[in-house]
Amino acid sequence: MKNYIKLNKYIATAVLSLVLLSCSNDILDEKPRAIFTPDYFSTPEGVLGGVTSMYGHLRYMYGNGYFLNVGQIATDESTWGQSSDGNVKNLDFSGVGVIDPSTSNTGVLWNNAFPNINTASGVIENATKIGSISPALIAEARFFRAFDYFMLVQTFGGVPLDLGAGELKFNSSTSRFSARNTVPEVYSKAIFPDLIKAIEDLPVTGRVTGGLTKTTARFYLAKAYLTYGWWLQNPKNIPTYPASDRKDLDGHDPAWYFQQAYDVAVTAINDPGSFGLQPTFYDVNVATKDRNKEILLYADHTQSSSTYNGGDLSYSGGGFSTDYFAGWFGQFNYTIVRSSTSNTSWAAVSSVQREAAQPLGRPWTMLAPPIEVFKKTFADKTNDSRYDGTFTTAYRGNWAKGGMANQTLYNANYLPITNGDAVFTFLDSDVGGVDYSNAVFNSTIGAGVLPGRSDFVIEPSVISRICYPGNWKLGPYRTDNGTGLGSPNGSSTRPFPIAKFSELYFIAAEAAVKGATIQGGKSARDLINVIRARAGKWSFYNKGNVAKVQDNSVAMTAATPAIIDIDYILAERSREYFGEGYRWYDLARTQNWIEYGASFTIAGATNPNDWKDHSVKTFTRTISVANYLRPIPTSQLDGMEMSAADKLNYQNPGY
C-alpha cells in the first residue's frame, strides 16, 4: 500500500497578508483565496497568487519566537530565561524538561513547509501550460520548494517527496498517509535540481523589492552543498533517519560537494548583482536601514496595515501565526528598574518604560545568553563593533514619553539623571567594588552601584536568567510613535532577515577549511578577514548613543590566526549572527553541537525569581547523537491513518 503525507491541512492555501515594501509600485499584491487547485494554477492570476503566497509563508516561521527558539536553545548562545515555560525549556536538555514532539515547536517548520512545497509543485507543473508565464517566475517556485526541503532535511532528516500524487507532484487529495525519503534522495531529487534551475532562470535583480535573484539561489545552493558534504563525510558518526548509506546518488564524494560549495559561493561574491556588504556591522542591523543590500532574503512586514503586516499593530495577545515576535524572546524585563523622585530618600518610580524602539520593545525573558557569550564569544569589545551592534547594554530613561512630568530623577548614589541618560548599564568587563546590596539605592533588578556613577551597573560575571543584555538587532522599530512610547505590545513591523550576503564568505571559508581548492586571494583567512575588517569599522556607538567613526580593521585582521579551522569559523559566525536563529543549524551541520552545548554558566541559578541572586552555577546538558534530528511533530503523527507501529517507525529514533 502506498503511503502519502497527510494533506487535510496541507492542501495549499493562499496566505492572506503579504506586502514587500518599495518606494515604487513594484510590490507583491495579494488577494485572499481559500484554496489552490490545478485549474487555478493554469491561469496567470493563479500562478502569481501561488508565488506570492510563497513569500508570505516565510512569516509563519521567520519572526516566530518559537521557531527562533528551535534554532537557538541548547547551544552556546542561549539557554532558558526567567519567564520560559515548557515550550522553551523542553529543548534545553539541561534537566528542566523533556523534549516532547507535541511541545518542541518543530511543528512550526513542518506544518508550514509542506503546504508551501505543494503550492510550489502546483505552480511548477501548471504554469508552463499557460505559455505567457516567464521561466523566472516559475524559478521562484522552484527556489521556495528547495528552500523548504533544505530546512526540513536539516531538521528532521529524510522527509516525504511524495505528498499523495507522486514525487514532487502537486496533490489536491486529502490522503492521510506518508512515507519518508532518505536524505540523499531529498538533496539529489529536490534541493539541488530546483536550485540549479532557479539560478539559471532567476533574474540578477528581483522583479519586486525583496524578490528572489540569482545571488540568493546561489547562496542556498552553496549552503546546501556544504551541508550535504558534511552529512556524507559524517566525521563523528552521527546517525541518520530513515536509515541509509552515506552515499551520494550521483556518485560524488564529500570533497566534490565542498568544492562545489566553495565555487558557487565565490561566484556569488564575485558577481553579486545588486547585493554586497554594508560598510559597518551597525549599518546591517539598524532598523532605519532595513532591507539593505546585504539582506538576500527576508520575511517582510509593514506598519501601514495590520492585515498586510500579518500581525496586530498595537497589541498581540501572545505571539501567533505571522506575528513577528521573535525579538521579545531575547529581551529581559527592563521595565522593573526604578529610580527615585527624591535625592534624600528612595521614592521609586519607573524610569525605563516599555517602548516600541529598537533597544527596547516587549520583554518576554525567554532566551538568556550564558556568561560565556560575554566573556569569550565577545571578548574583544574594543576593536570589534559586533558586541555593541548586537546587544542593548545601556538602558536609558524615557519616562517623559510615558507622561511623567519630572525633568530630573535620582538614581544610583542619588545622582541626578534626565531623560535619555543611562539608568543602568551592563559593563564590558568585571571591575570589582560594585555594591549589589540594593540597601539604599534599589534598582529593583539586582543591579549594583559604583562610586561616582549615576547609572546602576551589572558586571558580566553576574549576568543571569533574569537580567541580561537584550538582543538589539531584533528590536522593534516604528515611525509612528510620535513623542510617546508607541505600541510596544504589537508585533514588530520590521522585516526579519533570513539570509545575508556576508554569509557567502563564511560558506566559502568553511568549504576551504574542508579541503576545497581555493582561488587567489580567497583563502579561508582572506574570506574571514573581509568580515573581520568590516567588524572593526564603527559608525555608531550604541552604548553611548552617539556617532563613532573609528576604523580598527587593521587590528582586527592582524589578530586573525594564520590557520583558520572550523572552531574559529564557528566563533566568528556567532559574533556575526548571534541570536538570529543560525546557531543550532551551524552546530548540527558541523557535528559540534554536543561539545559546544555541553555546559555553560549563568547567575541566578538557585532562585530564578530572585533579582538579587548573583550566585553563578555551571549547568550541564545531556544531548545524545539521536537529538541531532528533531522529533516529527505529534500533529503530523496524530493525523495519519497508519498503525501505531508504522507511526513509531515514522518518528525519528529517541522520541
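Structure above, values below:
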{"quantity": "Selection count, the range 282-298, where residues are over 22 Å from THR392 (Cα atoms), of a type in the set (Ser, Thr, Tyr) and surrounded by fewer than 20 Cβ atoms within 10 Å (Cβ to Cβ)", "calculated": "0"}
{"quantity": "Flag if LEU485 is touching a residue at least 40 places away in the same chain (Cβ under 8 Å) and in contact with a strand residue (DSSP E or B) (Cβ under 9 Å, 6 or more places away or on another chain)", "calculated": "no"}
{"quantity": "Pair list, Cβ under 6 Å, 6 or more apart: the range 413-426 residue farther than 15 Å from TYR541 by Cβ, other residue among the hydroxyl-bearing types (Ser, Thr, Tyr)", "calculated": "LEU415/SER454; PRO416/THR408; PRO416/TYR410; ILE417/SER454; THR418/THR408; VAL423/SER351; VAL423/TYR395; PHE424/TYR395"}
{"quantity": "Single residue of LYS169, LYS129 found to be farther than 30 Å from ALA626 by Cβ, free of Cβ contacts under 8 Å to residues at least 60 places away in the same chain and charged (D, E, K, R)", "calculated": "LYS169"}
{"quantity": "Verdict on ASP290 being out of contact with any helix residue (DSSP H, G or I) (no Cβ under 6 Å at 6 or more places or on another chain) and acidic (Asp, Glu)", "calculated": "yes"}
{"quantity": "Residue match in the range 28-39 (condition: charged (D, E, K, R), part of a loop (DSSP other than H, G, I, E, B) and modelled with pLDDT of 90 or more)", "calculated": "no"}
{"quantity": "Among (1) farther than 24 Å from HIS614 by Cα; (2) surrounded by 20 or more Cβ atoms within 10 Å (Cβ to Cβ) - the single one THR408 does not satisfy", "calculated": "(2)"}
{"quantity": "Hits in the range 525-578 (condition: among the small types (Gly, Ala, Ser) and in a helix (DSSP H, G or I))", "calculated": "ALA533, ALA535, SER553, ALA555, ALA558, ALA571, SER574"}
{"quantity": "Count of residues meeting criterion [buried (at least 24 other Cβ atoms within 10 Å of the Cβ) and either in a loop (DSSP other than H, G, I, E, B) or at pLDDT below 95 (or both)] in the range 76-87", "calculated": "4"}
{"quantity": "Selection count where residues are in a loop (DSSP other than H, G, I, E, B), of a type in the set (A, V, I, L, M) and out of contact with any Leu (no Cβ under 8 Å at 6 or more places or on another chain), scope the range 400-435", "calculated": "4"}
{"quantity": "Qualifying position, being β-branched (Val, Ile, Thr) and touching a Leu at 6+ places or on another chain (Cβ under 8 Å), among ILE196, ILE133, ILE191, ILE138", "calculated": "ILE196"}
{"quantity": "Wholly enclosed helices (runs of 4 or more DSSP H) of the range 221-324 bearing at least 1 residues under 23 Å from PRO363 (Cα atoms)", "calculated": "281-285, 306-309"}
{"quantity": "Test: residue in the range 379-399 that is modelled with pLDDT of 95 or more and part of a helix (DSSP H, G or I)", "calculated": "yes"}
{"quantity": "Qualifying residue in the range 158-176 (condition: under 27 Å from the mean Cα position of the chain (by Cα) and either part of a helix (DSSP H, G or I) or over 20 Å from LYS247 (Cα atoms) (or both))", "calculated": "no"}
{"quantity": "Positions within the range 206-248 being surrounded by fewer than 18 Cβ atoms within 10 Å (Cβ to Cβ) and either in contact with a strand residue (DSSP E or B) (Cβ under 7 Å, 6 or more places away or on another chain) or among the charged types (D, E, K, R) (or both), in sequence order", "calculated": "ARG207, LYS236, ASP245, ARG246, LYS247"}
{"quantity": "Filtered residue count, the range 506-529, keeping only those that are surrounded by 24 or more Cβ atoms within 10 Å (Cβ to Cβ) and farther than 20 Å from TYR228 by Cβ", "calculated": "2"}
{"quantity": "Residue within the range 515-535 that is touching a residue at least 60 places away in the same chain (Cβ under 8 Å), over 27 Å from LYS289 (Cβ atoms) and among the hydroxyl-bearing types (Ser, Thr, Tyr) present", "calculated": "yes"}
{"quantity": "Pick from the range 91-104, criterion of a type outside the set (Val, Ile, Thr) and either modelled with pLDDT under 85 or over 19 Å from the mean Cα position of the chain (by Cα) (or both), ranking: surrounded by the fewest Cβ atoms within 10 Å (Cβ to Cβ)", "calculated": "GLY95"}
{"quantity": "Residue pairs meeting the criteria (Cβ under 9 Å; at least 6 apart or on separate chains; first free of Cβ contacts under 8 Å to residues at least 24 places away in the same chain, in the range 444-468; second assigned to a helix (DSSP H, G or I) and of a type in the set (Gly, Ala, Ser))", "calculated": "GLY448/ALA412"}
{"quantity": "Out of THR408, THR390, sole residue that is touching a Gly at 6+ places or on another chain (Cβ under 9 Å) and β-branched (Val, Ile, Thr)", "calculated": "THR390"}
{"quantity": "Residue that is surrounded by the fewest Cβ atoms within 10 Å (Cβ to Cβ), among those in the range 43-65 that are of a type in the set (Ser, Thr, Tyr) and touching a residue at least 60 places away in the same chain (Cβ under 8 Å)", "calculated": "THR43"}
{"quantity": "Top-ranked residue of the range 296-336 - restricted to ones that are among the acidic types (Asp, Glu) and at pLDDT below 95, ranked as nearest to GLY63 (Cα to Cα)", "calculated": "ASP323"}
{"quantity": "Qualifying residue in the range 520-540 (condition: more than 26 Å from the chain's Cα centre (by Cα), closer than 16 Å to THR382 by Cα, of a type outside the set (A, V, I, L, M) and modelled with pLDDT of 95 or more)", "calculated": "no"}
{"quantity": "Residues of the range 188-215 satisfying the condition of being in a helix (DSSP H, G or I) and more than 23 Å from the chain's Cα centre (by Cα)", "calculated": "SER188, LYS189, ALA190, PHE192, PRO193, ASP194, ILE196, LYS197, ALA198, ILE199, GLU200, ASP201"}
{"quantity": "Matching residues in the range 493-524 - criterion: being of a type outside the set (Val, Ile, Thr), more than 20 Å from LEU296 (Cα to Cα) and in a helix (DSSP H, G or I)", "calculated": "ALA511, ALA512, ALA524"}
{"quantity": "Leading residue by the ranking (nearest to LYS375 (Cα to Cα)) among those in the range 451-499 that are over 21 Å from the mean Cα position of the chain (by Cα) and polar (S, T, N, Q)", "calculated": "SER461"}
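For every residue, the table says whether it meets (1) small (Gly, Ala, Ser); (2) touching an Asp or Glu at 6+ places or on another chain (Cβ under 7 Å); (3) at pLDDT below 95.
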{"position": "GLY579", "(1), (2), (3)": "yes, yes, no"}
{"position": "TRP593", "(1), (2), (3)": "no, no, no"}
{"position": "ALA598", "(1), (2), (3)": "yes, no, no"}
{"position": "ASN609", "(1), (2), (3)": "no, no, yes"}
{"position": "THR618", "(1), (2), (3)": "no, no, no"}
{"position": "LEU637", "(1), (2), (3)": "no, no, yes"}
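The values are calculated or read from the model by the stated rules, or taken from the named source; none is laboratory data. Since this is a predicted model, take the numbers as computed values, not measurements. So basically every Cβ, Gly included, is an ideal-geometry build from the backbone, and we count neighbours across all protein chains shown.
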